[in-house]
Amino acid sequence: MRLKFRPVDASFYDLFSESASHLVVGAQLLAEMLGDGNDREGIASRMRDAEHAADETTHAIVKRVNSTFVTPFDREDIYALASALDDVMDEMDEAVDLVLLYGVTTLPTETSEQVEVLQRCAELTAEAMPGLATMSSLDEYWIEINRLENAGDRSYRRILANLFAGDYEAIEVIKLKDIVESLESAIDAFEKVANILEQIAVKES
């Protein structure tokens with residue numbers, strides 16, 4: 001059996017944990033954005049700051065990879081995970097931006113289910129990142145993310161059915177469909193992160 005020996009560089013694990021923590025902030029801001037009576041201009045500004053902070057962490061991960069001779073796991077996996085985490089933040093940022101740009105004041109009630117899924121996915125992802133150091137106890141994480149993604153899919157289909165039921169003006173349907181698709185894409189992006197973590201764990205075990 002081939003044994004793997006790699007020096008421990010805790011900075012990678014810290015950076016991935018930092019990246020996931022940005023997603024928790026982003027999901028909370030998204031929930032605030034879709035709530036009633038909130039300062040949407042202010043929330044959108046805070047979301048932009050959070051997205052920039054997430055970008056900085058992603059750049060720090062890439063810089064660390066490029067300056068480290070031996071990485072804790074394969075470079076392509078580090079790049080893939082960093083990119084997937086960044087994609088989640090981008091999708092949530094897009095949803096917040098669309099709500100502001102479209103001037104949407106009322107959203108389908110089912111969008112709250114999507115946001116709840118996103119918040120839970122963010123929490124689970126942040127909790128899972130320290131597990132990269134040992135590659136253990138991560139199976140429950142990706143199983144639960146998959147379950148949440150399936151729940152998000154069901155909410156998404158219900159929202160689309162309601163949007164096209166004839167109760168909304170055509171222009172509102174277009175606006176709301178764009179927003180809920182961004183939410184759905186963010187949920188899918190969380191599942192991609194979980195899939196990458198699973199692939200890394202299998203490869204490194």
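Exactly one of (1) over 19 Å from Asp90 (Cα atoms); (2) more than 20 Å from the chain's Cα centre (by Cα) is unmet by Lys175. Its number?
For Lys175, the exception is condition (1).
Could you tell me whether the stretch 76-97 includes any residue that is free of Cβ contacts under 8 Å to residues at least 12 places away in the same chain, assigned to a helix (DSSP H, G or I), over 27 Å from Gly152 (Cα atoms) and in contact with a helix residue (DSSP H, G or I) (Cβ under 8 Å, 6 or more places away or on another chain)? I'd like the intermediate steps shown before the answer.
First, pick out the residues of the stretch 76-97 that are free of Cβ contacts under 8 Å to residues at least 12 places away in the same chain: 76.
Cutting the leftovers down to assigned to a helix (DSSP H, G or I) gives us 76.
After this cut, where a residue has to be over 27 Å from Gly152 (Cα atoms) as well, the list is 76.
If we keep only those that are in contact with a helix residue (DSSP H, G or I) (Cβ under 8 Å, 6 or more places away or on another chain) as well, we get none.
No, there is no match, as no residue in the stretch 76-97 is free of Cβ contacts under 8 Å to residues at least 12 places away in the same chain, assigned to a helix (DSSP H, G or I), over 27 Å from Gly152 (Cα atoms) and in contact with a helix residue (DSSP H, G or I) (Cβ under 8 Å, 6 or more places away or on another chain).
Could you list, in sequence order, all residues of the stretch 107-153 that are of a type in the set (S, T, N, Q), surrounded by fewer than 20 Cβ atoms within 10 Å (Cβ to Cβ) and within 15 Å of Lys192 (Cβ to Cβ)?
Asn146, Asn150 - these are the residues of the stretch 107-153 that are of a type in the set (S, T, N, Q), surrounded by fewer than 20 Cβ atoms within 10 Å (Cβ to Cβ) and within 15 Å of Lys192 (Cβ to Cβ).
Are there any pairs, at least 6 apart or on different chains, whose C-beta atoms fall under 7 Å, with the first in the stretch 124-139 and more than 16 Å from His22 (Cβ to Cβ) and the second part of a loop (DSSP other than H, G, I, E, B), and if so, which?
Gly131/Ser137; Gly131/Leu138; Met135/Ser205
What are the pairs with Cβ atoms under 8 angstrom where one residue, in the stretch 1-28, is among the β-branched types (Val, Ile, Thr) and the other, located anywhere, is at pLDDT below 90 and surrounded by fewer than 19 Cβ atoms within 10 Å (Cβ to Cβ)? Sequence gap at least six, or different chains.
Val8/Ala133
For Leu132, are the conditions met, namely being in contact with a Leu (Cβ under 8 Å, 6 or more places away or on another chain), farther than 17 Å from Leu183 by Cα and at pLDDT below 90? Show your work before the answer.
On the way: in contact with a Leu (Cβ under 8 Å, 6 or more places away or on another chain): yes; farther than 17 Å from Leu183 by Cα: yes; at pLDDT below 90: yes.
So Leu132 fits the description; yes.
Quick one: in the stretch 34-65, of everything that is closer than 15 Å to Gln119 by Cβ and under 16 Å from the mean Cα position of the chain (by Cα), which residue is surrounded by the fewest Cβ atoms within 10 Å (Cβ to Cβ)?
Restricting to residues being closer than 15 Å to Gln119 by Cβ and under 16 Å from the mean Cα position of the chain (by Cα), the top hit is Ala50.
Just checking, which of Thr109, Thr57, Thr71 is of a type outside the set (A, V, I, L, M, F, W, C), free of Cβ contacts under 8 Å to residues at least 40 places away in the same chain and on the phi < 0 side of the Ramachandran plot?
Working: Thr57 fails: free of Cβ contacts under 8 Å to residues at least 40 places away in the same chain; Thr71 fails: free of Cβ contacts under 8 Å to residues at least 40 places away in the same chain.
The match here is Thr109.
What number goes with the only condition from (1) surrounded by fewer than 21 Cβ atoms within 10 Å (Cβ to Cβ); (2) among the hydroxyl-bearing types (Ser, Thr, Tyr); (3) under 25 Å from Glu191 (Cβ atoms) that Thr68 does not pass?
Unmet condition: (3).
The conditions are (1) more than 16 Å from the chain's Cα centre (by Cα); (2) assigned to a helix (DSSP H, G or I); (3) surrounded by fewer than 21 Cβ atoms within 10 Å (Cβ to Cβ), and Val104 fails exactly one of them. Which is it?
If we test Val104 against (1) more than 16 Å from the chain's Cα centre (by Cα); (2) assigned to a helix (DSSP H, G or I); (3) surrounded by fewer than 21 Cβ atoms within 10 Å (Cβ to Cβ), just (2) comes out false.
Quick check on my filter: what residues within the stretch 154-184 are surrounded by fewer than 18 Cβ atoms within 10 Å (Cβ to Cβ) and under 30 Å from Gly131 (Cβ atoms)?
Arg154 - this is the single residue of the stretch 154-184 that is surrounded by fewer than 18 Cβ atoms within 10 Å (Cβ to Cβ) and under 30 Å from Gly131 (Cβ atoms).
The values are calculated or read from the model by the stated rules, or taken from the named source; none is laboratory data. Just so you know, these numbers come straight off a predicted model, no measurement behind them. Ideal geometry is used to build each Cβ from the backbone, glycine not excepted, and the neighbour counts take in all protein chains shown.
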